[in-house]
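Notes for the one structure printed next.
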Amino acid sequence: MKLTEKLSKIFLTLLVSGIIAACGGGGGGGSDDDDGGDSGDGGSTSGSISGLISVPGYVVTDSDVNDDQTTPVANQPANNAQSVPNPVNIGGYVNVAGTGAAGNLRASGDPDDYYLVNLTSGQTLVLNIGDIDVGGVDLDLYLFDVNDLTNPVASSIGTSKFETIVVPSDGQYYVIVHAYSGASNYLLSIGLTSSSILPQGGMSITDDFVPGEVLVKFDSASAQAKALDTGLSHYSFSQSPENEIGIQRLTLNDQFVSSAAARPGIYAQMDSEAQLKLDTIMAIKELNQRSDVVYAQPNYIYHASATPNDEYYSLQWHYNQINLPQAWDITTGDTSVIVSVIDTGVLLNHPDLSQQLVAGYDFISDAGNANDGDGIDANPDDAGDEIQNGVSSFHGTHVAGTVAARSNNSTGVAGVAWNVRIMPIRVLGKQGGFSSDIIEGILFSAGLSNASGTTPSQRADVINMSLGGASPDQASFDAITAARNAGVIVIAAAGNENTSQLAYPASYTGVVSVSSVDQSRTRAPYSNYGTEIDVAAPGGNTQADVDGDGRSDGVLSTLGDDSQGGTSFTYNFYQGTSMAAPHVAGVAALMKSVYAGLTPAEFDSMLSSGELTNDIGNSGRDDLYGHGLIDAYKAVVAAQQRGGGNTPTDPSLSVNPQSLNFSNSLQSTSLFVEEIGGSVGTVQITENISWLSVAANQVNGSGIGSYTVSVDRSGLSPATYTGTIQVSAGTSSVDVNVIMQVLDSSISGDAGRHYVLLVDNATSQPVQQDEVNTNTGSGSYSFSNVSSGDYYIVAGSDMDMDNLICDNGESCGAYPTLSQPNVITVGSGAQNGLDFSATYEYQTPTSNALSAEESVQELMVYPRQD
């Protein structure tokens, strides 16, 4: 390949989905429902745009929201409950009368939303309260059996951002979202998530505590504490909590405790014991509002709880896909191994990364691009790239977390190689990255002479570059060659343009180019492909939910949030080849941990010989997956053998995905059965499910390989069906949980009323708006009289009527995807078929070690036009 000899400043874009760049354009629009669109800026008109917004079948919207452009349909009380499928993501809005923005529900209030749903034992309900940071907002979650409204089956009554419930048994239920105070959007997710990684929920009426008793810890300076000569008080009451407690020493606020709005509408139907337990919890909620109370709690008869290590590890499906657990039995990495993450920098104080770092460097030479007030310096802390409406991506932090997030620390997520160290190198800023800066970062990482005038005490063993551009240059190629010659394995993301066009640095000779697969082991819809692809790794697909856990199939990792001022430490799902590359970098680090002498040339040779991968495409190397899907276990064993180490002799069975979700109209999917560490015997598959079949696809004589799992909904009534596929071989056995929806024909995906914005790329301002209803699963939009220029298309709901779309708890989408917005260049003529999907994005709960205010915020908020 001929490389340009001229070194130019190349702006390199982040290869990530999950973030939106600033948007824009001009013109006038129309609407499929005759609402019309606002006119543009009056410039020359020469084009039009149209397309279809579709909604996944597992998405549902509350039938009564505050948006005054919708007609509310009451979904309470129980006889008006809104039927929903399962699994499902429900976007909704509740409020106490007189709270919230002016709209449908401010005056009358809508404190309760009832949903009718078939649930199975072990499923989880997660209520994510969108406006928890607004003063006075508090939502609760209740679960009732449809045949017994006298006692809740479960409840979560707290004051934090998340309320959670684990379903105790199969059945049909009412799920109730209740506004205890204030007004808020919410996202209610129902799925198969392991209860071990649920965020801490609130108090439950079903908890085992003494009804009518409260333990209160007063501030040591309070009048109550001084009068009692102790800080702890034990109260009991026979009628209602406010009466007896008020008689003794406390006066509770009747507006909170006695108000009917503080209790759900179903309160009157509950039996006396359930009412008394709820009264007790309400008193506790009120007491905890007081400045002189440190805490108030029930008088538990017994209470046991455990906080698991890495509470969100179960959401990291991508690790099982590459057989990381089996690799971790051999090594979790060595502290002497270093991976350089050349990116936006890293949030150095993130609790899952702060102890994983060695000294790095900030090579952003342009102060305006750097966003930290100066040029290059020794501080690689991510100052933010403000990539979208002033909100930053913290892309490097996400990448670093995948490589080596700290594990077994009861916080957040796990990393691929959690004992190795990260060298943070900052090269990407507000305007992207200049090749000149990236070159210096490569040289520094390799311990070579560079613009900083210094070198690290120990060079990196692996470089990860989740960045790229379309133009090659000789200087960058030379720097990479020098790094390889110094012994550094260089890995880069292949790009997210869904094209075979070469992207750099991934396509340079000597760089390991990584494409992306989704949870089904197929090429992710955005991933680049072509002759230079070397290997595939999980990069995710946030538009899918293959395992039915109620969360999108993105890659979960460490992140930051600067949307509210300052920067908080969070976790969230991204998708992209940027997410795939650090999986390979982490595996390379594990290999170096068991074989210190591993060279870049040896890594290349082992990769091309199939020692590090599973072949998932055409036999041998292909243009979609290169030499196959990276396999951490195979890679570590191969490295161990090269280094003369012992090979594990205890074989095991690996099955992926670990659960299957046949949502909406999905008829078939793939199941992969592998043996780890040697032969496990002949595979036996048992399912005994009348509506499901498992057929061998590509398997060997022992049954190892891929299977096609299919469902037949013929003759089945609308309901949620579950079952278990048992895969066994020798002494190994793995259960795969299956969930399937049969939808009522009247139910389709519904993300509510959407405001579709045409946004000018130069100014980041909306210039046109169309309004689209998606309550039938899709809706058409159009913009006419569009001035020549570059634009983005963004769409979202405004359930709380705050005139902002896509804020917390609201549906959002962009063309072609929310995680991969494209610039649309408008000239003369029409551009039709610009279709995209909109959905509610699940927000990952923050670690229990973090405050509720540090929860993940939506990265894109736009003002709708009146």
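Just a few scattered comments:
Each row is one residue, and each column tells you yes or no for (1) at pLDDT below 95; (2) at positive phi.
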site: D110; (1), (2): no, no
site: V117; (1), (2): yes, no
site: G136; (1), (2): yes, yes
site: L143; (1), (2): no, no
site: Q172; (1), (2): yes, no
site: I190; (1), (2): yes, no
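- Taking the listed residues S728, S782, the one that is surrounded by fewer than 22 Cβ atoms within 10 Å (Cβ to Cβ), closer than 30 Å to F662 by Cβ and of a type outside the set (F, W, Y) is S728, with no other qualifying.
- Of the listed requirements (1) within 22 Å of the chain's Cα centre (by Cα); (2) crowded, with 24+ Cβ neighbours inside 10 Å, T522 misses just one: (2).
- Residue check for G560: on the phi > 0 side of the Ramachandran plot and not in a helix (DSSP H, G or I): no
- Residue satisfying condition, being in a loop (DSSP other than H, G, I, E, B) and more than 30 Å from Q69 (Cα to Cα), within set T99, T159, T164: T159
- Test result for G130, at positive phi and either touching a residue at least 60 places away in the same chain (Cβ under 8 Å) or within 29 Å of the chain's Cα centre (by Cα) (or both): no
- Within the range 542-563, the residues that satisfy the criterion of being among the hydroxyl-bearing types (S, T, Y) and either over 25 Å from L671 (Cβ atoms) or assigned by TED's automatic domain parsing to the domain that holds F672 (or both) are S557, T558, S563.
- Note on the range 422-445: residues that are out of contact with any strand residue (DSSP E or B) (no Cβ under 7 Å at 6 or more places or on another chain) and in a helix (DSSP H, G or I) amount to 6.
- Residues (in a loop (DSSP other than H, G, I, E, B) and either small (G, A, S) or within 15 Å of L559 (Cβ to Cβ) (or both)) located in the range 357-385: A359, G360, S365, G373, G375, A378, D382, A383, G384, D385
Okay, residues lined up against (1) assigned to a loop (DSSP other than H, G, I, E, B); (2) in contact with a helix residue (DSSP H, G or I) (Cβ under 9 Å, 6 or more places away or on another chain); (3) of a type in the set (V, I, T); (4) surrounded by 18 or more Cβ atoms within 10 Å (Cβ to Cβ):
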{"position": "P472", "(1), (2), (3), (4)": "yes, no, no, yes"}
{"position": "S476", "(1), (2), (3), (4)": "no, yes, no, yes"}
{"position": "G487", "(1), (2), (3), (4)": "yes, yes, no, no"}
{"position": "V490", "(1), (2), (3), (4)": "no, yes, yes, yes"}
{"position": "N496", "(1), (2), (3), (4)": "yes, yes, no, yes"}
{"position": "L502", "(1), (2), (3), (4)": "yes, no, no, yes"}
{"position": "V514", "(1), (2), (3), (4)": "no, yes, yes, yes"}
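- Test: residue in the range 528-541 that is of a type outside the set (G, A, S), touching a helix residue (DSSP H, G or I) at 6+ places or on another chain (Cβ under 8 Å), outside the structural domain of T724 (by TED's automatic domain parsing) and within 25 Å of N89 (Cα to Cα): yes
- In the range 397-445, the residues that are among the charged types (D, E, K, R), touching a Leu at 6+ places or on another chain (Cβ under 9 Å) and under 25 Å from G487 (Cβ atoms): R421, D437
- Complete set of residues in the range 784-838 that are of a type in the set (D, E, K, R) and in a loop (DSSP other than H, G, I, E, B): D798, D800, D802, D807, E810, D835
- Out of P87, P152, one residue alone is at pLDDT 90 or above and either crowded, with 24+ Cβ neighbours inside 10 Å or under 25 Å from D798 (Cβ atoms) (or both). It is P152.
- Given (1) in contact (Cβ under 8 Å) with a residue 60 or more places away in the chain; (2) touching a Ser or Thr at 6+ places or on another chain (Cβ under 9 Å); (3) outside any strand (DSSP E or B); (4) more than 29 Å from L188 (Cα to Cα), number of the condition N688 does not satisfy: (1)
- Strands (runs of 3 or more DSSP E) wholly inside the range 713-766 that include at least 1 residues being over 29 Å from the mean Cα position of the chain (by Cα) and either outside the structural domain of I49 (by TED's automatic domain parsing) or touching a residue at least 12 places away in the same chain (Cβ under 8 Å) (or both): 719-729, 732-742
- T558 surrounded by fewer than 24 Cβ atoms within 10 Å (Cβ to Cβ) and hydroxyl-bearing (S, T, Y): no
- So D64, is it outside the structural domain of F783 (by TED's automatic domain parsing), of a type outside the set (V, I, T) and at pLDDT 95 or above: yes
- Of the candidates V555, V517, V546, V594, the single residue that is farther than 18 Å from D382 by Cβ, among the hydrophobic types (A, V, I, L, M, F, W, C) and modelled with pLDDT under 90 is V546.
- Elements of type strands (runs of 3 or more DSSP E) in the range 194-304, at least 1 residues being under 37 Å from the mean Cα position of the chain (by Cα) and at pLDDT below 65: 293-300
- R459 meets each of the listed conditions (1) in a loop (DSSP other than H, G, I, E, B); (2) crowded, with 19+ Cβ neighbours inside 10 Å; (3) out of contact with any Gly (no Cβ under 7 Å at 6 or more places or on another chain) apart from (3).
- Close contacts from the range 823-835, counting a first residue that is touching a residue at least 60 places away in the same chain (Cβ under 8 Å) and under 21 Å from Q765 (Cα atoms) and a second that is among the hydroxyl-bearing types (S, T, Y) and surrounded by fewer than 17 Cβ atoms within 10 Å (Cβ to Cβ), with Cβ to Cβ under 7 Å and a gap of 6+ residues or different chains, come to V826/S788; G827/S46; G827/S788.
- Residue match in the range 68-76 (condition: assigned to a strand (DSSP E or B) and either within 30 Å of L834 (Cα to Cα) or not assigned by TED's automatic domain parsing to the domain that holds Y781 (or both)): no
The values are calculated or read from the model by the stated rules, or taken from the named source; none is laboratory data. Quick caveat: nothing in here was measured; it's all calculated off a predicted structure. As a convention, Cβ positions derive from the backbone with ideal geometry for all residues, glycine included, and neighbour counts pool all protein chains shown.
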